[in-house]
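Chemist: One structure, pasted below without further comment.
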Amino acid sequence: MSKHIEALTPILDGIVRPQAERIDRDALFPADAVTALGDAGVLGLLSAPEVGGMGLGIRQAYEVVERIAHGCGSTAMVVTMHFCGAAVIERHGSEEARRQVAGGKLATLAFSEAGSRSHFWAPLSTAKSVTDGIALDAHKSWITSSHHAEQYVWSSQPVAADGFCTLWLVPRDTPGIEIGAGFDGLGLRGNDSTPCKATAATIPADHRLGEDGKGFDIMMETVLPLFNILNGACSVGLMDEATLRTREHVVGVRYEHLDNSLADLPTIRNTLARMRCKVDQSRALLEDTLDALESGSEEASLRVLQAKAVCNDSAGEVCDLAMRVCGGAAFRKDLAVERYFRDARAGMVMAPTSDVLYDFIGKAVCGMSLL
Ligand SMILES: Cc1cc2nc3c(=O)[nH]c(=O)nc-3n(C[C@H](O)[C@H](O)[C@H](O)COP(=O)(O)OP(=O)(O)OC[C@H]3O[C@@H](n4cnc5c(N)ncnc54)[C@H](O)[C@@H]3O)c2cc1C
């Protein structure tokens, strides 16, 4: 067994699966899982061995996130946002910041803003040069793990350069950072995604990640491929588990007066077949996207756009079908199918949203520039 799966498996069995229902019901942050993942080195999966990390890549991160999503969507999303932040820090952060991530310090992305909403590439927030560093003013709209991540990878308008944006490493406890109240969402209820305001929150100037004005390039080169694959992995894990639970239900429950099971109904089998096909198509597309990225194929950029849209939308459809096939039993919490249904709604509205991705894919197909 590879080292990341060996480190992950006992945490899945001992913490993630047993706690998933309570995390959803009480909107609890999956703190035990995050601590265990940090201690086992899984949060340092993308960090280089020279700073104490596992030195693995996007494919292994995908394998981790998909497995977690089978058990708990909230934990999978927290780990997804961590890996995205971690990748930027690994490539552009100081050695100390890289060591902290490798050692299990939780990271996240603070891109979305109240003013530009899902158009994360266009921050309205500002960064000004002041005597003791850089003063940030912002109204961030969603930050996963906002009360628990120790460092945010944060976007702002450039200080002086041209360009869409600049990225910064912002410690959560920076004076001037005001984190909103807890998350009460439809799904992913443990992901602690809240708004956050910054009022003259001052960080050292050397907390800049990459060059001034080059944040958009980092978003496109480092964050987008990783985020789209991992967000897609969340969707695949959720819909696969919903399909497995649906199969168990339809094979197991009986119409005693007819002496048969739900699986004896052709319409039920037909729907289950369509669910299975969507799961397998989505996973195949994700794996094709990973192959394209690893081989440097010309198709890689298009695949990255397609992978998230297809996986997110398929997860919505598959979990909707799971609710229908499992009938009233799914409407209650007994089967947990409704948790997967609710969790699966998030991916498609997380930026880049499915609609924006289809717009980008259409432009790419027509040979037009994306923005
Ligand atoms: C559970 C969860 C966790 C999140 N975590 C984070 C996080 O850690 N960090 C972070 O930065 N953000 C995070 N987000 C925010 C997310 O990435 C999006 O920015 C946010 O969901 C967008 O919501 P909105 O209401 O602002 O969308 P809006 O921008 O208001 O969009 C509304 C609708 O319009 C559509 N639309 C918008 N523009 C276009 C277009 N050009 N073409 C076609 N359709 C369009 C959208 O697809 C959507 O359906 C999170 C969101 C969720 C739900």
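Chemist: Whole-Hz ³J(HN,Hα) for each residue in the range 35-42, computed from phi via Karplus 6.51 cos²θ - 1.76 cosθ + 1.60 with θ = phi - 60°, x for glycine and proline: what do you get?
Modeler: In residue order, the calculated couplings are 4, 5, 5, x, 4, 7, x, 5 Hz.
Chemist: Quick one: P(r) of the range 216-365 from all Cα-Cα pairs, 5 Å bins, percents rounded to integers, in order of increasing distance.
Modeler: Result, from short to long distances: 2, 10, 18, 19, 16, 11, 9, 7, 4, 2, 1, 0, 0 percent.
Chemist: Amide H of Gly133: which non-local residues (sequence gap of 5 or more, or other chain) have their own amide H closer than 5 Å, using H built in the peptide plane?
Modeler: none
Chemist: Could I ask something else about it? I'd like the distance separating the alpha-carbon centroids of the range 155-199 and the range 270-345, in whole Å.
Modeler: When both Cα centres are located, 29 Å separates them.
Chemist: Over the range 196-302, with every protein chain in place, what whole percent of the accessible area is carbon and sulfur at 1.4 Å, could you tell me?
Modeler: Values: 2600 of 5210 Å².
Summing carbon and sulfur atoms, their accessible area is 50 percent of the total for the range 196-302.
Chemist: Separation between the Asp13 and Ile179 pseudo-spin-labels, each 7 Å from Cα along Cα→Cβ, expressed in nm?
Modeler: 3.3
Chemist: Another question, if that's okay. When each pair of different Cα atoms in the range 288-371 is counted once in the 1/r mean, what is the Kirkwood radius in angstroms, to one decimal?
Modeler: The Cα-based Kirkwood calculation yields 14.4 Å.
Chemist: Now for a separate question. Could you order the peptides 166-172, 94-100 from most to least packed, using the average number of other C-beta atoms within 10 Å per residue?
Modeler: On the way: 166-172: 23.6, 94-100: 16.3.
Ranked by mean Cβ neighbours within 10 Å, highest first: 166-172, 94-100.
Chemist: How large is ³J(HN,Hα) for each residue in the range 223-239, as worked out from phi by the Karplus curve 6.51 cos²θ - 1.76 cosθ + 1.60 (θ = phi - 60°), to whole Hz, x for Gly and Pro?
Modeler: Couplings: 7, 4, x, 5, 4, 5, 5, 6, 5, x, 5, 4, 4, 5, x, 5, 6 Hz.
Chemist: Can you figure out the FRET efficiency of Lys363 with Lys197, using R₀ = 30 Å and their beta-carbon distance, to the nearest 0.05?
Modeler: Details: r = 34 Å, r/R0 = 1.13.
It comes out at approximately 0.30.
Chemist: Enter the per residue convex hull volume of the range 3-106, computed from alpha-carbon coordinates, in Å³ rounded to the nearest integer.
Modeler: Working: hull volume 8.0 nm³, N = 104.
Cα-based convex hull of the range 3-106, divided per residue, equals 77 Å³.
Chemist: For labels at Asp132 and Asn270 in the simple 7 Å Cα→Cβ model, what's the distance in nm?
Modeler: Distance between label points: 7.0 nm.
Chemist: Which ³J(HN,Hα) values, rounded to whole Hz and listed in residue order, are derived for the range 319-330 from phi using the Karplus coefficients 6.51, -1.76 and 1.60 in 6.51 cos²θ - 1.76 cosθ + 1.60 with θ = phi - 60°, glycine and proline given as x?
Modeler: Each residue of the range 319-330 in turn: 6, 5, 5, 4, 4, 6, 5, 7, x, x, 4, 7 Hz.
Chemist: Could you work out the local net charge near Asp39, counting Lys and Arg as +1, Asp and Glu as -1, over the other residues with Cβ closer than 13 Å to its Cβ?
Modeler: Numbers: positive: Lys105; negative: Asp32.
Its environment carries a net charge of 0.
Chemist: So what is the 222 nm mean residue ellipticity for the chain from helices alone, if each DSSP H run of at least 4 adds -39500 (n - 2.57) and you divide by all residues, rounding to the nearest 500 deg cm²/dmol? Walk me through the numbers on the way to the answer.
Modeler: Numbers: 13 runs with 184 residues, N = 371.
Result for the chain: -16000 deg cm²/dmol, rounded to the nearest 500.
Chemist: Determine the gain in length on full extension of the stretch Ser94-Glu221; use 0.36 nm per residue of separation and subtract their C-alpha separation, reporting nm with one decimal. Can you show the working numbers first?
Modeler: Values: separation 127, 0.36 × 127 = 45.72 nm, distance 1.92 nm.
Separation in residues times 0.36 nm, less the Cα-Cα distance, equals 43.8 nm.
Chemist: Next question. Around Gly180, which amide H atoms from residues at least 5 apart in sequence, or from another chain, sit under 5 Å from its own amide H, with H modelled in the peptide plane?
Modeler: Cys196, Lys197
Chemist: Return the ratio Rg/(2.2 N^0.38 Å) for the range 125-255, where Rg is computed over Cα atoms only.
Modeler: 1.40
Chemist: Okay, next question. Please pull out the direction-averaged projected area of the chain, using the convex hull of its alpha-carbon atoms, in nm² to one decimal place. Can you show the working numbers first?
Modeler: Details: hull surface 76.0 nm².
Over every viewing direction, the Cα hull of the chain projects on average to 19.0 nm².
Chemist: If each residue of separation counts as 0.36 nm, what is the full-extension length gain between Glu248 and Ile5 once their alpha-carbon separation is subtracted? Could you put the intermediate results ahead of the total?
Modeler: Details: separation 243, 0.36 × 243 = 87.48 nm, distance 2.55 nm.
Additional length available on full extension: 84.9 nm.
Chemist: List residues of the range 70-95, by number, whose backbone nitrogen lies under 14 Å from a label position 7 Å along Cα→C-beta of Ala161.
Modeler: Within reach of a label on Ala161, which here means backbone N under 14 Å from a point 7 Å along Cα→Cβ, the range 70-95 contributes 92-93.
Chemist: At a Förster distance of 56 Å, what's the computed FRET efficiency of Val356 paired with Glu256, Cβ-Cβ distance as r, to 0.05? Kindly include the intermediate steps, with their values, before the conclusion.
Modeler: On the way: r = 50 Å, r/R0 = 0.89.
So the FRET efficiency works out to roughly 0.65.
Chemist: Using a probe radius of 1.4 Å on heavy atoms only, what accessible surface per residue do you get for the chain? Whole Å² is fine. Please list the in-between numbers first.
Modeler: On the way: 15830 Å² over 371 residues.
Value for the chain: 43 Å² per residue.
The values are calculated or read from the model by the stated rules, or taken from the named source; none is laboratory data. None of the values given here were measured: they were computed from a predicted structure. Because the Cβ atoms are built from the backbone with ideal geometry, glycine has one as well, and the counts that use them run over all protein chains shown. The accessibility values were calculated without ligands, DNA or RNA, using every heavy atom of the protein model including side chains. Shrake-Rupley method; radii C 1.70, N 1.55, O 1.52, S 1.80 Å.
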